[in-house]
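Chemist: Here you go, one structure.
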Amino acid sequence: MQPVLKMLIGLPRSGKSTWVQENKTEKDVVLSADNLRYLVYNQRYWQEGEPLVISILGIVFKMLLQQKKDIIVDQTNMTRMRRRGVIKMAKDNGYRIHGIVISNSRELCIERARKDGQNDLVPVIKRMSRQYQEPSMEEGFDEIIFVNKITVHSVP
């Protein structure tokens, strides 16, 4: 059976990790920079540690591809450029690629960040929402699924 890579696409606090918890199968291996950061640094983000986190994720990703494991990439993946390398490597290794777009509104993501005391995420969410490029089949996806259409009317 052909292995599958499920690439999550969505803003911080949009519900990507919740989607993983609710949809992950026993066969799926989840790649998450957030999980790795907590494992290594015990915090959500540390700028000085990012090169190491990215390197480790790249090594693990290559190993999983070689083993033909089903993979869920739990990252924001907001631009075509961010998605391009992962899609190419997976396609080169015989994978089917499913894009899973967690399309909750920017306002809802901001509301969730503030509610959780993560006000430092608000400018990140705003910046990333401006950079978003909707995925297309031309990028190499075999399937694109849009989930979680929840909106909030306003954020103070």
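Every number here is computed from the coordinates shown, using simple stated rules; none is lab data. No experiment lies behind these values; they were computed from the predicted model shown. Because the Cβ atoms are built from the backbone with ideal geometry, glycine has one as well, and the counts that use them run over all protein chains shown.
Chemist: Under 10 Å, Cα contacts only: if you run a Gaussian network model on the chain, which one of Gln133, Gln66, Gln43 comes out with the highest mean-square fluctuation?
Modeler: Looking only at Gln133, Gln66, Gln43, the largest GNM fluctuation is found for Gln43.
Chemist: For a quick check: with amide H placed at 1.01 Å from N, whose amide H comes under 5 Å from Ile144's, ignoring anything fewer than 5 positions away on the same chain?
Modeler: Gly99
Chemist: Something else: What shape does the stretch 20-156 take by its C-alpha gyration tensor, where a ≥ b ≥ c are the square roots of the eigenvalues and a/c under 1.5 counts as rounded, a/b above b/c as prolate, and the rest as oblate?
Modeler: oblate
Chemist: Continuing with this model, one more query. Return one number: the angle in degrees, 0 to 90 and rounded to the nearest 10, between the long axis of the Cα atoms of helix 106-115 and the longest principal axis of the Cα atoms of the chain.
Modeler: Roughly 70 degrees between the two axes.
Chemist: Going by average Cβ density within 10 Å per residue, which order do the peptides 56-65, 11-20, 28-37 take, highest to lowest?
Modeler: 11-20, 28-37, 56-65
Chemist: Suppose the chain between Lys88 and Val40 were pulled fully straight at 0.36 nm per residue; how much longer would it get relative to their current alpha carbon spacing?
Modeler: The Lys88-Val40 span can extend by a further 14.5 nm.
Chemist: For the stretch 72-153, what class follows from the C-alpha gyration tensor (a ≥ b ≥ c being the square roots of its eigenvalues): rounded when a/c is under 1.5, otherwise prolate if a/b is larger than b/c, else oblate?
Modeler: Prolate shape, in that a/c is at least 1.5 and a/b is the bigger ratio.
Chemist: Cα gyration tensor of the stretch 13-77, axes a ≥ b ≥ c as square roots of the eigenvalues: rounded (a/c below 1.5), prolate (a/b > b/c) or oblate?
Modeler: It is oblate, given that a/c is not under 1.5 and a/b is not larger than b/c.
Chemist: Let me spell out the model: positive unit charges on the Cβ of Lys and Arg, negative unit charges on the Cβ of Asp and Glu, origin at the Cα centre of the stretch 3-111. What dipole size does that give, in debye rounded to 20? Kindly include the intermediate steps, with their values, before the conclusion.
Modeler: Numbers: 18 positive and 11 negative charges, 101 e Å.
Taking the Cα centre of the stretch 3-111 as origin, the dipole is about 480 debye.
Chemist: Another question, if that's okay. Picking from Val53, Val73, Val40, which is most flexible by a Gaussian network model of the chain using Cα springs under 10 Å?
Modeler: Top of the fluctuation ranking is Val40.
Chemist: Could you go through the stretch 65-79 in sequence order and give the Karplus-derived ³J(HN,Hα) for each residue, using 6.51 cos²θ - 1.76 cosθ + 1.60 with θ = phi - 60°, rounded to whole Hz, and x for Gly and Pro?
Modeler: 4, 4, 8, 6, 6, 6, 10, 10, 9, 9, 9, 6, 6, 7, 10
Chemist: If you don't mind, another one. Under the rule of at least 5 residues apart or a separate chain, name every residue whose amide H is placed under 5 Å from the amide H of Val29.
Modeler: Asp70, Ile71, Ile72
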